[in-house]
Structure formats: structure tokens, C-alpha cells
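Notes to accompany the following structure.
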Amino acid sequence: MATQVHLDPAATLAQRLFATRKLTLDLAAPLSDADATIQPFPDASPAKWHLAHTTWFFETFVLRDHVAGYRPFDDRYAFLFNSYYEAEGPRHARPHRGMLSRPSLDQIRGYRAHVDEALDRALPSLSAAALDLVELGINHEQQHQELFLTDILATLAENPIEPVFAELPPPACFAAEPLTYHPGREGIVEVGASDAAFAFDCEGPRHRVFLNAHRIANRRVTNREWREFIDDGGYRSPTHWLSDGWAWVEQHGLACPLYWREEGTEFTLAGRREIDWAAPVAHVSHYEADAFARWAGVRLPTEAEWEDFAASADPMIGNQLDAAGAVAPRPGGGMFGDVWEWTQSAYSAYPGFATAVGAVGEYNGKFMSGQIVLKGASCATPRGHSRASYRNFFPPATRWQFTGVRLAQDA
Ligand SMILES: [Fe+2]
């Protein structure tokens, strides 16, 4: 897939901005207007909406607020493409995003071009505060590139003729090593983003935590191991499950990961394929991840254990930063790639966390309820968008993202 574009960390802000904007268009290139209009379920969004909403973000928070005389492309779009910003006023209901046959995909491409041209003209004279918002807008659009791919997968998975979106890259972890556990650090460690480079507000402040003695697995749980869990009655044994998780399994009659199909196959962005049994299991919820860990007699890592382990770069596990400072997934291991990894940690504020002033203060802080932190990155995460302090988060029943499992244990 086209997410494997490598952005030079030394590239200018303008280069990174327009490379990011172009990548979004490239991702959408295989789609028809109809493909781009479907919303497969209320939590997912149409491809067309992602293209427009990321554009609205720049138009609103950079051009409208910081460029004198900027004229919006269409005054009605703020209502259509505001996602959840209460400070920006009323908006189209999220579950109805798939009802919008107009504007067309071509009109949305025109919207993108209008905003890109205005950004290009404005960049040389933007204030430092506005340039920070451009940086936030780039990172925001990268998040939506991943959502774009997971939402397209959910869309095409609804179609019995099983369309192919794109050829897949080989898994980063293509040869499963034997499962081994490695000691993490014990005692007081520091986690969270420092101020040295861009990070989302929820990743900081950097702060101290105490880690009890623990060990972390060298790799993610594989499809083969998940098959053993199923064959051992994992989805039929309430004793493995959190109470909410068991109620969820029973309510939906679940018995396997989201996209597993007839025996031995799964639906992917490349259509239906044989399951690669050595590859990491994907599209499992936090409830499933937790149940698997209990079945295996271990547990999920905490987010602090995971982050400190990734940042301390155990040479046994390999990893993670190449010479240019970018995360480089390593065959057989590494902490970044293939699937996001569920932790056992609730998504909440770090000590000293403060929301930003203005509407962008709604970016992360207001979602700190009922969500679980995931660490790492997935095959759909744009290169250059991964770091140890990153805190992805979803409600515990979520599984349409590329989500998997790394195990941990008390030492
Ligand atoms: Fe957004």
C-alpha cells in the first residue's frame, strides 16, 4: 500500500505538508465515487468524508483563523465536515455521514486543491502559532489516513463479491519466532513525550511511574496461537472473560477475529486470502485480547511497561529507530508494525496534562472516558507517525482497526 512513503525527517514543514496531502489523494485513487460514499457502520466514516474533513481542519484552524481575507471554498462545508468540535458549532450527525451523495468525490478533490493552494500561498508568512497548527494538521491527516484504510476495509468487507482494494505489503513479522519473555525495567522510570519533537497533547507531560518486576513477550500473538485459543473453547468459556467482554461475546455470537471467513481464510484489503498462520493476529478487541491473555495464564502489558520496553531498545527484541530516526519494523520482531497492541491501561490524563486553548483543545482530552490505550503502530500507520510515547485509544469492543496482542507477565 502507499502508506510506505518515507518522509525525510529533515524535510521542511511545507514538504511534509504537501507530501501528506498527496498521500491521502493517492490512497483514494482506486476508489469510485460510490466506494467513497459508503459508511459501513456509525463509528466508521466514508472515504470522501476523510478527504474533506482533513481539509476542513486546515481551512478552519489555519486559513480562517490566521490568514486575513481567506474565503472558504463553500460555507456549507463547515457543517458537513466538522467531526466533533463543539466550539465550532453544530454539525452533521456522525451516523449519517454515509447519506451524502453530494458533494461528489470530484468536488471534494476541488475543495482539497483550493485549500492546498491557499496553504501554499500563506505558508511563508504564517506566525509560529499557525505553523504549529499546520504541524498538528499534518499529524491529524496521518491519523485519518489510517482510519481511511480501516474504514475502506470495513466497507469492502460488506460486499459479497469481495473486492480487492490493493496489494498488501508483506507482514513486518513474517516468521514467528518462539514466544519468549524478556525482563522489563523495574523501579522508577520516565514515560511520556518530551518537548523535543511533535507529539499529541495527551502524550505528555513526561513523568515518572513505578514499574513492578515484569517480563514482556518478544513478539505479538500469532494467528496460529489464536486458532489454538479457539480450538480450546476460548470463545465458549466465560471464565476467561471480563464480565463486559463475555456479555459482548454472547450478544454478538462471536467465535473468531472480525475478518476471519470460511475455514482458513480471512478478508483483507487484498480481498479474501488464506490466513498466514505465522502472522500476528489482527482485528481483535480489547475484550478478546484480555481473554486470550487469561487463557494463556499471563496478562496484557500496562502502557508504561510497553513504552519503557520499546524506548529502552532491548537488543533481543530489535527495533526500532533507523539512522534517520524513523521507526523501522524488523522481521520477526520490533515493537512497531502490523498491528496496534492492546494494553490493560485505561486512557486517562497524565499528571500535569492541560488541554490546549481554543477548539483544538478538544482534540484528545475529552475522550478520556471508557477507552483503552493501544501502543505501537500498524501496517496502515503512515511511516514517520510512530513513536514510543504514542497513545492510540479505542473503546474495548473495537476491532475494525488493525489491533492485536502482545503478552506480558509478572516476574
Ligand atoms: Fe479528525
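Could you tell me the center-to-center distance, by alpha carbons, between the range 184-241 and the range 367-411 in angstrom?
Taking the Cα centre of each part, the range 184-241 and the range 367-411 sit 9 Å apart.
Which of the DSSP-defined H helices in the chain satisfy a minimum axial length of 15 Å, computed from C-alpha atoms, and a minimum mean Kyte-Doolittle hydropathy of 1.0?
none
Quick one: Karplus J couplings for the range 394-404, per residue in order, coefficients 6.51, -1.76, 1.60, θ = phi - 60°, nearest Hz, x for Gly and Pro?
Values per residue, Gly and Pro as x: 8, x, x, 8, 5, 8, 8, 7, 7, 10, x Hz.
With θ taken as phi - 60° and the coefficients 6.51, -1.76 and 1.60, list the Karplus ³J(HN,Hα) couplings across the range 352-357 in order, rounded to whole Hz; mark glycine and proline as x.
Ordered by residue, 3J(HN,Hα) equals x, 4, 9, 6, 5, 6 Hz.
For a quick check: with amide H placed at 1.01 Å from N, whose amide H comes under 5 Å from THR398's, ignoring anything fewer than 5 positions away on the same chain?
Close amide H contacts, sequence-distant or interchain: HIS286.
Are there trypsin sites (Lys or Arg not before Pro) in the range 176-224 that DSSP marks as loop and that have at most 15 other Cβ atoms within 10 Å, and which are they?
ARG185
Where a ≥ b ≥ c are the square roots of the eigenvalues of the C-alpha gyration tensor, would you call the range 1-127 rounded, which needs a/c under 1.5, or, failing that, prolate if a/b is larger than b/c, or oblate?
Taking the square roots of the gyration eigenvalues as a ≥ b ≥ c, the range 1-127 is oblate.
Could you tell me the calculated FRET efficiency between LEU179 and HIS207, based on Cβ-Cβ distance and R0 = 30 angstrom, to the nearest 0.05?
Working from the Cβ atoms, E equals 0.40.
Using a 10 Å Cβ count of at most 14 others and DSSP loop calls, identify the longest part of the chain lacking such chymotrypsin sites (Phe, Trp or Tyr not before Pro).
In short, 278-411.
GNM on the chain, C-alpha springs below 10 Å: top fluctuator among ALA113, ALA289, ALA78?
ALA113
Looking only at LEU179, LEU258, LEU80, which one moves most when the chain is put into a Gaussian network model with springs between Cα atoms under 10 Å?
Looking only at LEU179, LEU258, LEU80, the largest GNM fluctuation is found for LEU179.
Compute the length gained on full extension between ARG299 and TYR70: take 0.36 nm times their separation in residues and subtract their Cα-Cα distance, giving the result in nm to one decimal.
Result: 77.1 nm gained on full extension.
Compute the Cα gyration tensor for the range 80-231, then decide on rounded, prolate or oblate, letting a ≥ b ≥ c be the square roots of its eigenvalues: rounded whenever a/c is under 1.5, prolate when a/b is larger than b/c in the other cases, and oblate in all that remain.
Because a/c hits 1.5 or more and a/b fails to exceed b/c, the range 80-231 counts as oblate.
If I model a spin label at LEU131 and LYS366 as a point 7 Å from the Cα along the Cα→Cβ vector, what separation in nanometres do I get?
3.0 nm
If the cut-off is 12 Å between C-alpha atoms, which aspartates and glutamates fall inside it for LYS48, apart from same-chain ones fewer than 8 positions away?
Cross-link targets: ASP33, ASP35, ASP106, ASP151.
At 7 Å along the Cα-to-beta-carbon direction for both ILE161 and SER104, put a label point, then send me their distance in nm to one decimal.
The two pseudo-label positions are separated by 2.1 nm.
Averaged per residue, what accessible area in Å² does the range 69-180 show with a 1.4 Å probe, protein chains only?
51 Å²
So, in nm, how far is label ALA196 from label GLU263 when the simple model puts each one 7 Å beyond its Cα toward the Cβ?
If labels sit at ALA196 and GLU263, their model points lie 5.4 nm apart.
The values are calculated or read from the model by the stated rules, or taken from the named source; none is laboratory data. Predicted, not measured: the structure shown is a model, and the values here were computed from it. Because the Cβ atoms are built from the backbone with ideal geometry, glycine has one as well, and the counts that use them run over all protein chains shown. Note: areas computed on protein heavy atoms with side chains; ligands, DNA, RNA excluded. Shrake-Rupley method; radii C 1.70, N 1.55, O 1.52, S 1.80 Å.
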